[in-house]
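Engineer: What follows is a structure written as C-alpha cells; I'll ask about it next.
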Amino acid sequence: MKDGGFENKKELENSKNQSKSSKFYIKSDDFALAIAKVAVAQVCESVGFQSFQHSALEALSDIIVWYIYNLGKTSNFNANLAGRVEANVFDVIQGLEELESGLGFAGASDVNRCVANLGIVRDIVHFFGDGGDITFAYEVPWFPVVKEWKRIGSFWEKGEDPHGEHIPSWLPAFPDPDTYATQSSVGNGTMSASNEVKNGRVERKIERPLLNFQQQFAHNGNEGGSSHVGGGKG
Amino acid sequence: MNHNRQSNDGKHDDDSALSDFLASLMDYTPTIPDELVEHYLAKSGFQCPDVRLIRLVAVATQKFVAEVANDALQHCKARQAAVVKDKREKQQKDKRLILTMDDLSKSLLEYGVNVKQQEYFADSPLTGIDPATRDEVRIMLLLC
C-alpha cells in the first residue's frame, strides 16, 4: 500500500507539472485553431444548434483545418501535374471532386460538359443562394506575423576581439560575462545559464541579466515551432 | 458546321457560367475568414495570387461544415424524438439542441471521416469509483 500511495503522489505531481508547463508551452498553430473554432461555432449556430460539447467543437474544427489543408495540397498537386506552379480554378474544382468522391458527383463522367456545370459547383451556388451572409465575429489580423530578426552582432561588428586565434571574427559575439553566472537551484545542484533554456521546468530564482539573456535567446534564437519559457519568472 | 457552331456556343456559355460564378464569389463573404484559409493553404504549398480562389476554398469548406452540422442536427432531433414518449416535461428540457461527439461521429462517418471517442479512461485506480467513496479511497491511499 505504501508504494501505491507514493506512486499516486508522484503521478499527481507529474500531472500538475505537466499542466503547468503546458500553460507556457506555445504551439505554433493555436491562434489559427482558435479562429477555426469560432468560425465552426458560428456555422453550427446558423444551422440550428444552441450549444455544443467542447470535444465535439475541437474535433470539427480540426477536421475543417484538415479539409482546407488537403484541398490546398490536392490543388497544388494538380497544378504541378499540369506543369504549372500556380493553381487555377480547375485545379481547385478537381480537388473538390476528389474530396467529395465518396459521395459521388453528378455529371463528371460526361466529357463534353463544362466544369462549371458540374454537380459540385452547382451545389455550392445553390447552397449560398438560400442563406444570408454570416460574417465572422472578430476582425482577424494578418498572420503569422513575421518578426524582425534582431541579430546578435559578430565580433567584427561589435568591435570586440575574439578570445583566441581559432575563433574567426565573423562569428556571433559571446554574450556578456554576467550571464555566465551559475545559479544554485533548490535541492537540484548547480546548473549553468546555458542549460536554462533546455531545462526550463526547474523552478528557481533568476537574476536580471540572466533573465534578459534568456528572453533574448528565446526571441532571436528559437524562431518558429515551440518556445519554452522556464518557470520562476520575476 | 452546325455542330461546330453549337459546340462553340456551348463553350462560350460554359466560359461565361464559370466567370459569373467566380464573380459571384466576391459578393458573398464566407463565415470562415480569408486569413485563416490563406494560412492553411500556404502551409500546404498552394500558390495563387487570385483572391477568388481563396474565397472558393472558404465557401466550399463552409458548405462542408454546414452539411456535417446539418446531418448531426438530424441525428440529434431523431434521438430526441425517440426518447420522448410520455413525459412532456422532459420534452421541454430536451428542446436544447447540443452538438455532441456522438452525433458528430455518426454524421462524419458518412463523409468517410472516422472519429471515435474513448468510452472511458482507466488511467488511475480511482477511475469509475463513485465520487462519494472516491475521496475516502484517496485519503486512505495517501495515508498509507
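The values are calculated or read from the model by the stated rules, or taken from the named source; none is laboratory data. Remember, predicted model here, so these are calculated numbers, not experimental data. Don't worry about glycine lacking a Cβ; one is built from the backbone with ideal geometry, like all the others, and counts go over all protein chains shown.
Engineer: Can you give me the number of residues within the stretch B:43-53 that are assigned to a helix (DSSP H, G or I) and either crowded, with 21+ Cβ neighbours inside 10 Å or at the interface with chain A (Cβ under 7 Å from one of its Cβ atoms) (or both)?
Structural biologist: If we filter the stretch B:43-53 for residues that are assigned to a helix (DSSP H, G or I), which is where we start, we get B:43-44, B:51-53.
Add one more test, that the residue is either crowded, with 21+ Cβ neighbours inside 10 Å or at the interface with chain A (Cβ under 7 Å from one of its Cβ atoms) (or both), and what stays is B:43-44, B:53.
So the count comes out to 3.
Engineer: Counting only residues that are in contact with a Cys (Cβ under 9 Å, 6 or more places away or on another chain), facing chain B (nearest Cβ under 7 Å) and either more than 14 Å from residue B:46 (Cα to Cα) or surrounded by fewer than 16 Cβ atoms within 10 Å (Cβ to Cβ) (or both), how many does the stretch A:65-104 have?
Structural biologist: Residues flagged as in contact with a Cys (Cβ under 9 Å, 6 or more places away or on another chain), facing chain B (nearest Cβ under 7 Å) and either more than 14 Å from residue B:46 (Cα to Cα) or surrounded by fewer than 16 Cβ atoms within 10 Å (Cβ to Cβ) (or both) within the stretch A:65-104 amount to 1.
Engineer: Quick check on my filter: what residues within the stretch B:10-42 are within 7 Å of chain A (Cβ to nearest Cβ) and either touching a residue at least 24 places away in the same chain (Cβ under 8 Å) or under 21 Å from the mean Cα position of the chain (by Cα) (or both)? So that I can check it myself, show each step before the final result.
Structural biologist: Just the residues of the stretch B:10-42 that are within 7 Å of chain A (Cβ to nearest Cβ), to begin with: B:14, B:17-18, B:21-22, B:28-29, B:31-33, B:35-37, B:39-41.
Scanning the stretch B:10-42 gives B:22, B:28, B:29, B:31, B:32, B:33, B:35, B:36, B:37, B:39, B:40, B:41.
Engineer: Another one. Need at least 3 residues that are more than 24 Å from the chain's Cα centre (by Cα) and modelled with pLDDT under 85 per element, so show me which helices (runs of 4 or more DSSP H) inside the stretch B:65-144 make the cut, counting only ones lying wholly within it. Step through it out loud before you land on a result.
Structural biologist: Working: elements: B:88-93, B:101-109, B:131-143.
Answer list for the stretch B:65-144: B:88-93, B:131-143.
Engineer: Then there's this: Pull up the stretch A:109-139, narrow it to residues that are among the small types (Gly, Ala, Ser) and in a loop (DSSP other than H, G, I, E, B), then point me to the one that is modelled with the lowest pLDDT.
Structural biologist: Within the stretch A:109-139, the subset among the small types (Gly, Ala, Ser) is A:109, A:116, A:119, A:129, A:131-132, A:137.
From what is left, the residues that are in a loop (DSSP other than H, G, I, E, B) are A:109, A:131-132, A:137.
Values: A:109: 63, A:131: 59, A:132: 64, A:137: 75.
The qualifying residue modelled with the lowest pLDDT is A:131.
Engineer: Could you tell me which of the residues B:69, B:58 is more than 7 Å from chain A (Cβ to nearest Cβ), crowded, with 16+ Cβ neighbours inside 10 Å and not β-branched (Val, Ile, Thr)? Working first, answer last.
Structural biologist: Numbers: B:69 fails: more than 7 Å from chain A (Cβ to nearest Cβ).
Only one candidate passes the filter, namely B:58.
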